[in-house]
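Novice: Take a look at the following structure, please.
The values are calculated or read from the model by the stated rules, or taken from the named source; none is laboratory data. Remember, it's a predicted structure, so these values are computed and weren't measured experimentally. Please note: Cβ atoms are built from the backbone with ideal geometry, for glycine as well, and neighbour counts cover all protein chains shown. To get the accessible areas, we keep the full protein, side chains included, count just its heavy atoms, and leave off ligands, DNA and RNA. Shrake-Rupley method; radii C 1.70, N 1.55, O 1.52, S 1.80 Å.
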Amino acid sequence: MKTIVQKFGGTSLENGEIRQMALEKIIDAIKEGYSPVVVVSAMGRNGSPYATDTLKSLIALNHKPENNKNLDLLLSCGEIISAVVLSDLLDNAGYPACALTGWQAGILTDDHFGEADIISIDKDLLMSYLEQGIIPVVTGFQGITLHREITTLGRGGSDTTAVALAVALKAATAEIFTDVDGIMTADPRVVPQASMLSEIHYDEVFQLADQGAKVIHPRAVEIARQNGMPLRIRNTRSNHPGTLISSQRQQFETLYRRNSPQELLTAITHKDNLVQFILHSHGDPVAESNLFDEMASSGISIDMINFSVEQKAFVVDAYTSEKLQDLLIERGFTHDIHPNVSKVTIIGNRINGIPGVMATVVRTLTKESIPLLQSSDSHATISCLVSSEKAVKAVKALHREFGLDHSSHR
Ligand code: ADP
Ligand code: MG
C-alpha cells in the first residue's frame, strides 16, 4: 500500500467552494494510486465561527493549570467539526471515509497543555481503516495523555500531526495544503515581489519557520528532517506543484555551488513583538550568573545574546518583558530597554564562510537609514534587530539587494 498524508489548513476548509477543491486534491491522490490519510485544521481564521481563536474567546480564563486542560478540550472541538464535514463530503462523493479524533488516531502526548509534544503513535486503528479502503480524516493539533486528558500541540500543530502520522505510517510523503503556492523567498503578504521556491532544504525551512514565517510549523520540519520524510507545500486553490522540502537541495548546492552574490540567499523573514534589554555590568559575576538562572527558571527565554565585560545585550518576547523588568529592579541591575523591536533574518545554507554577506546587509540597511540595533548569526543565518516600524522596509530592501525579487530571481 502506498500511503500519503494530506493536511488541509484552516483557509483550505473555510467554505463549501474551497472544501470541494480540497476534496479534489484527495481524489487526485487516490487516482495516482495512493491511500490517503487526511489531517485537518479548524475551519477558517480568527472570526470564523469554529476557528481556534474564536473558540478560545468563548471562555474567560485565569492562569490555573486546571483551566489549561479545559481550554485544550474546548480548542480540540474546531478540528473535530472539520474532520466530520470533510469525511461526509468524501463519503457523498463515493469515497468511504471516517472522521477520527487525535486520540482515536492513537496520538499520545505529554501533559504540556496548549503546547504538548507527541510521545508515540499507535497506528493500529488507522491501519485497519486503510486496509478496509476507508479514508481516515484525522483531527490535527491534538492528542491525549496517558491519563486520558485531551491536549493540543500549539499554534501550527496540525502540521506536526501530519508529519508525525506520515512517519508512523511510513507514508511516501506528507502534503501540506495552504493558501499560497508554496514556500516563497519571503511572506508574499510582506513582499509582493517574493519568488516561489521549487525546492528547499529542511535546515533552511526550519530556520525560516523558527524565525517567524508561519507557513509551516518548525516542529513539523524537525520531525520530517529527523526521519527523512519529504514534505510538499501546496496550494488547495491551484494545481501548482508547490515546494518540495527535503535534504536534496543542499547536496545539489554542495556539488555545483558557485558564489554569485545574487544566489546566496534562500529566503528572508522577520519576527515582531520583541524587546531588547541591555544590562550594565553589576561588577559581581556571581549575581549576574544567578540572574540568568532565575530568568530561565521563570520561563524567560532570551535570544540574540551578545555579552561583553561592560554590558549584556539580549532580546526577549514582549510578553515576558514586564516580568524581566521587575526581576532586574528587584536584583538591582541597571539596564536600558528598547521596546517594539523586530528581528529580521536572512537565511541561506550557502552564506556560510562567504565573505561580504554581512557587509551587504549593513550597506543595505544604511542606505535605507535603518539603524542596526544588534546582530547575530549562525552557519546559515544572519539576524538584524531593527525598530519594528522599519522591519518591513528592511525585509523588502534586503530581498531586493540579494536578488530575490521576482524579476531578478533565477
Ligand atoms: P494554514 O491555515 O493553511 O496552516 P498558515 O497561515 O499557517 O496557513 O500559513 C500560510 C501563510 O504563511 C501564507 O498565507 C503566507 O502569508 C504565510 N507565509 C509566511 N512566510 C511565507 C513564505 N516564506 N512563503 C510562503 N508563505 C509564507
Ligand atoms: Mg499553518
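Novice: Provide the per-residue ³J(HN,Hα) series for the stretch 374-391, in order, calculated from phi with Karplus coefficients 6.51, -1.76, 1.60 and θ = phi - 60°, each as a whole number of Hz, with x at glycine and proline positions.
Specialist: Result, rounded to whole Hz: 5, 9, 8, 8, 10, 5, 10, 9, 10, 10, 10, 8, 9, 5, 4, 5, 9, 4.
Novice: Sticking with this structure for a sec: Need the C-alpha centroid separation for the stretch 121-181 versus the stretch 66-92, integer Å.
Specialist: Measuring centre to centre over Cα atoms gives 13 Å.
Novice: Now for a different question. Can you list the residues, at least 5 places off or on another chain, whose amide H is less than 5 Å from the amide H of ILE135, using H built in the peptide plane?
Specialist: ALA97, CYS98
Novice: Based on alpha-carbon centroids, what's the gap between the stretch 213-228 and the stretch 336-401 in Å, whole number please?
Specialist: The two parts, judged by their Cα centres, are 24 Å apart.
Novice: Can you give the net charge of the other residues whose Cβ lies under 9 Å from the Cβ of PHE8, counting K and R as +1 and D and E as -1?
Specialist: That works out to +3.
Novice: According to a simple spin-label model (label point 7 Å from Cα along Cα-to-Cβ), what is the distance in nm between ASN290 and ASN92?
Specialist: Each label point lies 7 Å from its Cα, and together they span 6.7 nm.
Novice: Measure off 7 Å from each Cα along the Cα-to-Cβ vector at SER298 and GLN311, then give the distance between these two points in nanometres to one decimal.
Specialist: 2.2
Novice: Then there is this: Pull up all non-local amide H partners of LYS123: gap of 5 or more, or a different chain, and H-to-H distance under 5 Å with H placed in the peptide plane.
Specialist: HN-HN under 5 Å from LYS123: empty list.
Novice: Still on this model: What Kirkwood Rh does the chain have if only Cα atoms enter the pairwise 1/r average? Answer in Å.
Specialist: 22.9
Novice: With charges set only on the Cβ (+1 for Lys and Arg, -1 for Asp and Glu), what does the dipole of the stretch 261-401 come to about its Cα centre, in debye to the nearest 20?
Specialist: 780
Novice: For ALA391, what is the net charge nearby, where nearby means another residue's Cβ is under 11 Å from its Cβ and Lys, Arg count +1, Asp, Glu -1?
Specialist: My count for the surroundings of ALA391 gives +3.
Novice: Right, something else. In whole Hz and in residue order, list the ³J(HN,Hα) couplings for the stretch 287-293 that follow from phi through the Karplus curve 6.51 cos²θ - 1.76 cosθ + 1.60, θ = phi - 60°; x for Gly and Pro.
Specialist: Computed from phi, the couplings for the stretch 287-293 are 4, 5, 5, 4, 4, 5, 4 Hz.
Novice: Under the definition of Cα pairs under 8 Å and six or more residues apart, what whole-number percent is the relative contact order of the stretch 261-401?
Specialist: Answer for the stretch 261-401 is 32 percent.
Novice: Using Cα pairs under 8 angstrom and six or more residues apart, how large is the relative contact order of the chain, in percent?
Specialist: 13
Novice: Calculate how many DSSP beta bridges within the stretch 3-179 are antiparallel, expressed in % of all such bridges and rounded to the nearest 5.
Specialist: Rounded to the nearest five, the antiparallel share is 25 percent.
Novice: Can you order the peptides 76-83, 375-382, 226-233, 304-311 by their average number of other Cβ atoms within 10 Å per residue, highest first?
Specialist: 76-83, 226-233, 375-382, 304-311
Novice: In addition: Using only alpha-carbon positions, what ratio does the radius of gyration of the stretch 261-401 give when scaled by 2.2 N^0.38 Å?
Specialist: 1.14
Novice: Any chance you could give the angle, 0 to 90 degrees and rounded to 10, that helix 357-367 forms with the longest Cα principal axis of the chain?
Specialist: Tilt of helix 357-367: around 70 degrees.
Novice: Round to the nearest 10 and give me the degree value, 0 to 90, for the angle of helix 16-31's Cα axis relative to the longest principal axis of the chain.
Specialist: With both axes taken from Cα atoms, the answer is about 70 degrees.
Novice: Under a 5 Å amide H to amide H cut-off, with H placed in plane at 1.01 Å, what residues pair with ALA116 once short-range neighbours are removed?
Specialist: Result for ALA116 returns THR152, LEU153, GLY154.
Novice: I would also like to ask the following. Report for the chain the percent antiparallel among DSSP-assigned beta bridges with both residues inside it, nearest 5.
Specialist: The antiparallel fraction comes to roughly 60 percent.
Novice: Report the net charge of residues surrounding SER158, where surrounding means a beta-carbon distance below 9 angstrom and charges are Lys +1, Arg +1, Asp -1, Glu -1.
Specialist: Value of the local net charge: -1.
Novice: Now a separate question. When only C-alpha pairs under 8 Å and at least 6 residues apart count, what is the relative contact order of the stretch 3-179, in percent?
Specialist: RCO, the stretch 3-179: 29 percent.
Novice: Separation of the stretch 4-27 and the stretch 278-334 by C-alpha centroid, Å?
Specialist: Here the two parts' Cα centres lie 46 Å apart.
Novice: Take CYS384, CYS98 and sort them by solvent-accessible surface of the protein heavy atoms, 1.4 Å probe, largest at the top.
Specialist: In descending accessible area the options line up as CYS98, CYS384.
Novice: Let me ask another. Spelling out what I want: for every residue of the stretch 166-182, take phi, set θ = phi - 60°, compute 6.51 cos²θ - 1.76 cosθ + 1.60 (Karplus), and round to whole Hz; glycine and proline get x.
Specialist: Once rounded to whole Hz, the list reads 4, 5, 4, 8, 6, 5, 5, 6, 10, 9, 10, 8, 9, 10, 10, 5, x.
Novice: Let me make sure I get this right: for the stretch 1-102, a, b and c are the square roots of the gyration tensor eigenvalues over alpha carbons, sorted descending. Under 1.5 in a/c it's rounded, otherwise prolate if a/b > b/c, else oblate. Which is it?
Specialist: Prolate shape, in that a/c is at least 1.5 and a/b is the bigger ratio.
Novice: Here's another thing I want to ask about it. Identify which of ALA174, ALA359, ALA116 has the largest mean-square fluctuation in a Gaussian network model of the chain, with springs joining Cα atoms closer than 10 Å.
Specialist: Result for the chain, Cα springs under 10 Å: ALA359 fluctuates most.
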